[in-house]
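Reading through the structure tokens given below for one structure.
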Amino acid sequence: MIAMLIITLGLAMREIRRHLMRSFLTVLGIIIGVGSVVTMVTLGNGTTAAVQQQISSLGANILQIRPGQGFGRGGGGAQPQPFDADDVAAIRQQVAGVVRVAPQVQSSGLAVRNAANWSTSIYGTTNDYLKAQSWSIDVGRVFTPQEEQAGKTVCLIGSTILRNLFRAESPVGQRIRIRDLSCEVIGTLKSRGSSFGPGDQDDVIIMPVKAVQRRITGNQKVSMILVSVDPAYNSDAVQASIKSLLRERRRLGPGKADDFNIFDTRQISETLQNTTKTLTALLGAVAAVSLLVGGIGIMNIMLVSITERTREIGIRLAIGALGREVLLQFLVEAVVLASLGGVLGLAIALGASALLSPMLQIPFLFNPTINAVAFLFSAGIGILFGYFPARRAARLNPIDALRHE
Amino acid sequence: MTAPLISLQGITKTFGEGLAAFQALRGIDLDIQPGDFVAIMGPSGSGKSTMMNILGCLDVPTSGTYLFKGHHVEQLTRDERALLRRRYLGFVFQGYNLLARTSALENVELPLLYRGEAKKVRQQAALAALRKVGLEDRAHHTPAELSGGQQQRVAIARAIVTEPEVLLADEPTGNLDTERSREIMQLLERFNRDAGITILMVTHEADMAAFARTTVKFRDGMIESMQIHKRLVDA
């Protein structure tokens with residue numbers, strides 16, 4: 001049986017070589033099908049990876065707590081009560097499962113140095129914030145405890161600021177003016193590149209929270225509290241304890257709605273991942289239809305080929321080939337043909353995704369699974385659509401087949 | 001006398017059903033001894049081709065018994081008949097029926113392929129068979145590069161490469177001129193005489209039938225006459 005299979009394989013290869021052009025056209029459908037499925041899925045996976053990377057640059061599993069109800073902020077009622085430093089301290093001390101708790105005071109203003117100026121966002125926060133948001137320092141240092149404690153006017157600048165105010169000069173130790181405040185640059189933040197959503201993440205100046213509160217906003221308000229959750233804890237449970245703590249501190253009786261909202265970055269990450277996965281699956285499915293069409297193409301040509309080779313089949317049967325041996329011959333031919341198409345399709349997909357990935361600014365991820373699956377699928381299509389014509393050949397009556405012109 | 005190689009009793013063959021039914025064979029009784037060379041003659045429509053198909057285990061009779069080396073062929077399945085052909089029979093056709101765009105050598109190897117012989121064995125046997133028909137130097141030519149007579153000799157090589165007990169030849173000289181026809185017949189005669197292969201041949205040329213030991217004439221699906229020209233010598 002194995003010997004028969006090897007012989008049949010040789011016969012099939014010879015038959016394919018003999019009709020090179022026709023064989024190529026036969027499997028064109030499979031080539032396009034496999035090529036498009038694998039390209040779609042590879043690019044889809046690359047997109048998912050790019051999205052994940054951008055989300056993790058936001059800081060994984062971070063809770064953002066803001067005053068107000070949801071994104072609508074207020075909804076016509078009185079301005080919600082803002083948070084303050086005590087709220088931050090309370091969460092840090094009383095909630096289990098939080099790793100870092102950082103206040104964020106947000107403002108904006110014009111940063112000036114010599115003749116250059118740049119309008120930017122100004123965040124007042126702590127070193128914990130940098131860690132939670134996975135900011136790293138490019139040149140220079142983070143805040144010292146004294147600077148944080150005293151609210152010294154020192155600042156870290158994003159790469160956009162660096163580019164616009166300093167050009168090629170080293171910024172560390174230099175002073176810039178923000179509104180009417182002179183501020184020493186102690187370090188620069190490593191660029192995050194462009195991030196999705198509006199805004200350039202590198203267009204930012206970070207100062208100790210007390211410096212911003214005292215010298216810029218002029219009050220003790222904290223516009224947002226950032227909490228990073230210990231991965232060992234359930235994020236929902238941590239959210240619930242923060243919620244009950246804040247309700248207590250804000251004296252919200254039972255039945256009163258929250259006047260703050262907690263936003264879990266994990267939710268965006270999940271939503272985005274689900275979206276890209278759905279899109280990938282959808283594109284893959286559309287491409288899979290072309291694979292099916294390719295299979296029908298193979299069946300067509302196999303049927304034609306069998307009619308053309310009726311006499312040959314008659315000869316084989318007359319000299320003692322069993323029906324199943326003829327079936328095997330044509331089935332192997334279809335499978336070899338389809339598999340070759342699959343391999344060509346994979347090669348095209350490899351080239352296309354390697355070429356398109358940089359153009360779409362996504363990583364090129366070679367996925368062995370999808371390649372293997374697509375290859376096996378194309379071979380399977382050979383079996384599926386080769387079986388019917390092969391069975392027809394095997395069932396020919398040798399007498400009629402020999403008489404066929 | 002030895003036991004017959006082939007024994008036919010009351011063979012009938014009917015094609016179609018009801019009003020359209022046509023009885024091609026109407027009761028054939030025939031014994032064929034091993035080593036015989038039988039020419040089956042008769043006008044077209046006399047049932048000789050149908051007889052040949054049944055003798056070659058390609059078709060089964062509607063009724064009657066066909067004993068081949070003790071096997072009841074009429075009771076065998078399609079695959080069992082194929083195995084019988086593979087083991088004991090060789091075929092030569094009027095239209096040569098070689099595989100196109102395939103070398104003479106590969107054509108001759110074909111029956112051995114289905115016997116599961118190794119490549120080396122196949123090639124040696126095929127070359128030997130081609131030598132026997134005088135075409136060793138044409139082994140790598142395709143049918144298109146060979147004359148009609150040469151193609152038929154390749155077909156004969158393909159038929160005898162398995163050393164069959166019976167060679168069935170259906171109008172083997174039908175497409176050839178007299179000169180080539182005589183060459184083919186001499187070849188068949190030699191295989192019958194030297195290798196002891198039993199030959200069953202359909203022909204409608206009396207010249208060709210003269211090479212045979214026995215002539216069986218068919219008419220209207222029945223045996224009209226049977227003549228023995230050369231007696232088989234019992235060993």
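Which of the residues that make up the range A:148-191 are closer than 30 Å to A:VAL51 by Cα and open to solvent by 50 Å² or more (accessible area, probe 1.4 Å)?
A:ARG163, A:LYS190, A:SER191
State all residues of the range A:317-338 that are within 11 Å of another protein chain (Cβ to nearest Cβ) and touching a residue at least 12 places away in the same chain (Cβ under 8 Å); if no residue qualifies, say none.
Scanning the range A:317-338 gives A:LEU317, A:ALA318, A:GLY323, A:ARG324, A:GLU325, A:VAL326, A:GLN329.
So that you can scan it fast, the table gives a plain yes or no per residue for (1) out of contact with any His (no Cβ under 8 Å at 6 or more places or on another chain); (2) modelled with pLDDT of 90 or more; (3) within 13 Å of A:LEU226 (Cβ to Cβ):
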{"position": "A:GLY70", "(1), (2), (3)": "yes, no, no"}
{"position": "A:GLY74", "(1), (2), (3)": "yes, no, no"}
{"position": "A:GLY77", "(1), (2), (3)": "yes, no, no"}
{"position": "A:PRO82", "(1), (2), (3)": "yes, no, no"}
{"position": "A:ALA85", "(1), (2), (3)": "yes, no, no"}
{"position": "A:ALA90", "(1), (2), (3)": "yes, yes, no"}
{"position": "A:VAL99", "(1), (2), (3)": "yes, no, yes"}
{"position": "A:GLN104", "(1), (2), (3)": "yes, yes, yes"}
{"position": "A:SER108", "(1), (2), (3)": "yes, no, no"}
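Please verify whether B:ARG85 is within 14 Å of chain A (Cβ to nearest Cβ), open to solvent by 20 Å² or more (accessible area, probe 1.4 Å) and in contact with a Cys (Cβ under 6 Å, 6 or more places away or on another chain), treating the condition exactly as stated.
no
If a residue has to be part of a helix (DSSP H, G or I) and farther than 18 Å from A:GLY294 by Cβ to count, how many in the range A:331-371 make the cut?
Residues meeting the conditions: 12.
Looking at the range B:29-82, which of its residues are open to solvent by 60 Å² or more (accessible area, probe 1.4 Å) and within 13 Å of another protein chain (Cβ to nearest Cβ)?
Matches in the range B:29-82: B:THR77, B:ARG78, B:GLU80.
Among the candidates A:ALA111, A:ALA115, A:ALA132, A:ALA96, single out the residue that is over 32 Å from the mean Cα position of the chain (by Cα), of a type in the set (A, V, I, L, M) and farther than 14 Å from A:ILE205 by Cβ.
The match here is A:ALA115.
To keep it simple, each residue is scored yes or no on (1) touching a residue at least 12 places away in the same chain (Cβ under 8 Å); (2) away from chain B (no Cβ under 14 Å); (3) among the basic types (Lys, Arg); (4) surrounded by 20 or more Cβ atoms within 10 Å (Cβ to Cβ).
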{"residue": "A:GLY10", "(1), (2), (3), (4)": "no, no, no, no"}
{"residue": "A:ARG14", "(1), (2), (3), (4)": "no, no, yes, no"}
{"residue": "A:VAL27", "(1), (2), (3), (4)": "yes, yes, no, yes"}
{"residue": "A:ILE31", "(1), (2), (3), (4)": "yes, yes, no, yes"}
{"residue": "A:VAL38", "(1), (2), (3), (4)": "yes, yes, no, yes"}
{"residue": "A:VAL41", "(1), (2), (3), (4)": "yes, yes, no, yes"}
{"residue": "A:GLY46", "(1), (2), (3), (4)": "yes, yes, no, yes"}
{"residue": "A:GLN52", "(1), (2), (3), (4)": "yes, yes, no, no"}
{"residue": "A:ILE65", "(1), (2), (3), (4)": "yes, yes, no, yes"}
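Which ones in the range B:101-121 are over 20 Å from the mean Cα position of the chain (by Cα) and open to solvent by 20 Å² or more (accessible area, probe 1.4 Å)?
Answer for the range B:101-121, where residues must be over 20 Å from the mean Cα position of the chain (by Cα) and open to solvent by 20 Å² or more (accessible area, probe 1.4 Å): B:ARG101, B:GLU106, B:GLY116, B:GLU117, B:ALA118, B:LYS119, B:LYS120, B:VAL121.
When you go through (1) open to solvent by less than 50 Å² (accessible area, probe 1.4 Å); (2) assigned to a helix (DSSP H, G or I) one by one for A:ILE383, which number turns out not to apply?
Looking at each condition in turn, A:ILE383 falls short on (1).
Among the residues of the range A:103-147, what is the count of those that are surrounded by fewer than 18 Cβ atoms within 10 Å (Cβ to Cβ) and part of a helix (DSSP H, G or I)?
Counting residues in the range A:103-147 that are surrounded by fewer than 18 Cβ atoms within 10 Å (Cβ to Cβ) and part of a helix (DSSP H, G or I) gives 3.
Can you tell me which condition B:MET222 does not meet? The list is (1) more than 30 Å from B:GLN9 (Cα to Cα); (2) of a type outside the set (Val, Ile, Thr); (3) open to solvent by 40 Å² or more (accessible area, probe 1.4 Å), and all the others hold.
For B:MET222, the exception is condition (1).
Let me spell it out: the conditions are (1) modelled with pLDDT under 90; (2) within 33 Å of the chain's Cα centre (by Cα), and A:GLY187 meets all of them except one. Which number is the exception?
With respect to (1) modelled with pLDDT under 90; (2) within 33 Å of the chain's Cα centre (by Cα), A:GLY187 is out only on (1).
Check B:SER44 against each of (1) at pLDDT 90 or above; (2) in a loop (DSSP other than H, G, I, E, B); (3) of a type in the set (S, T, N, Q); (4) more than 30 Å from B:ARG138 (Cα to Cα) and name the one condition it does not meet.
Failing condition for B:SER44: (1).
Hey, could you check the range A:392-405 for residues that are among the basic types (Lys, Arg) and either more than 14 Å from chain B (Cβ to nearest Cβ) or not in a helix (DSSP H, G or I) (or both) and say which is farthest from A:THR42 (Cα to Cα)?
Across the range A:392-405, the extreme among qualifying residues is A:ARG395.
Any idea which of (1) hydroxyl-bearing (Ser, Thr, Tyr); (2) farther than 30 Å from B:ILE54 by Cβ; (3) modelled with pLDDT of 85 or more is the one A:THR310 doesn't satisfy?
(2)
Every residue, every condition in (1) open to solvent by 30 Å² or more (accessible area, probe 1.4 Å); (2) in the same structural domain as A:GLN146 (by TED's automatic domain parsing); (3) in a strand (DSSP E or B); (4) of a type outside the set (A, V, I, L, M, F, W, C), yes or no:
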residue	(1), (2), (3), (4)
A:MET207	no, yes, yes, no
A:GLN213	no, yes, no, yes
A:ASN219	yes, yes, no, yes
A:SER228	no, yes, yes, yes
A:PRO231	yes, yes, no, yes
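Mind listing whichever residues of the range A:148-187 are acidic (Asp, Glu) and assigned to a strand (DSSP E or B)?
Matches in the range A:148-187: A:GLU184 only.
Can you list the helices (runs of 4 or more DSSP H) found entirely within the range B:88-165 that contain at least 1 residues being more than 21 Å from A:ALA318 (Cα to Cα) and within 10 Å of chain A (Cβ to nearest Cβ)?
It comes to B:119-132.
This table checks each residue for (1) under 16 Å from B:GLU109 (Cβ atoms); (2) free of Cβ contacts under 8 Å to residues at least 60 places away in the same chain; (3) touching a helix residue (DSSP H, G or I) at 6+ places or on another chain (Cβ under 9 Å); (4) not polar (S, T, N, Q).
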| residue | (1), (2), (3), (4) |
| --- | --- |
| B:LEU130 | yes, yes, yes, yes |
| B:GLU136 | yes, yes, yes, yes |
| B:GLN152 | no, no, yes, no |
| B:ILE160 | yes, no, yes, yes |
| B:PRO164 | yes, no, yes, yes |
| B:GLY196 | no, no, no, yes |
| B:THR214 | no, no, no, no |
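Test each condition in (1) touching a His at 6+ places or on another chain (Cβ under 8 Å); (2) at pLDDT 95 or above for B:VAL108 and report the one that comes out false.
It is condition (1) that B:VAL108 fails.
Could you please let me know if A:ALA354 is farther than 25 Å from A:SER23 by Cα, away from every other protein chain (no Cβ under 14 Å) and exposed (fewer than 15 other Cβ atoms within 10 Å of the Cβ)?
The answer is yes for A:ALA354.
Which condition number in (1) at pLDDT 90 or above; (2) among the basic types (Lys, Arg); (3) in contact with an Asp or Glu (Cβ under 8 Å, 6 or more places away or on another chain) is the one that A:ARG177 fails?
(3)
From the residues in the range A:248-279 that are charged (D, E, K, R) and farther than 30 Å from A:GLN53 by Cβ, which one is most open to solvent (accessible area, probe 1.4 Å)?
Only one residue tops the list, namely A:ARG251.
Only one of these conditions is not met by A:LEU245: (1) surrounded by 12 or more Cβ atoms within 10 Å (Cβ to Cβ); (2) over 28 Å from A:PHE330 (Cβ atoms); (3) under 25 Å from the mean Cα position of the chain (by Cα). Which number is it?
(3)
The values are calculated or read from the model by the stated rules, or taken from the named source; none is laboratory data. What you see is a predicted model; the values in this text were computed from it and never measured. Glycine gets a Cβ as well: all are built from the backbone with ideal geometry, and neighbour counts include every protein chain shown. Areas reflect the complete protein model, heavy atoms only, side chains present, ligands, DNA and RNA absent. Shrake-Rupley method; radii C 1.70, N 1.55, O 1.52, S 1.80 Å.
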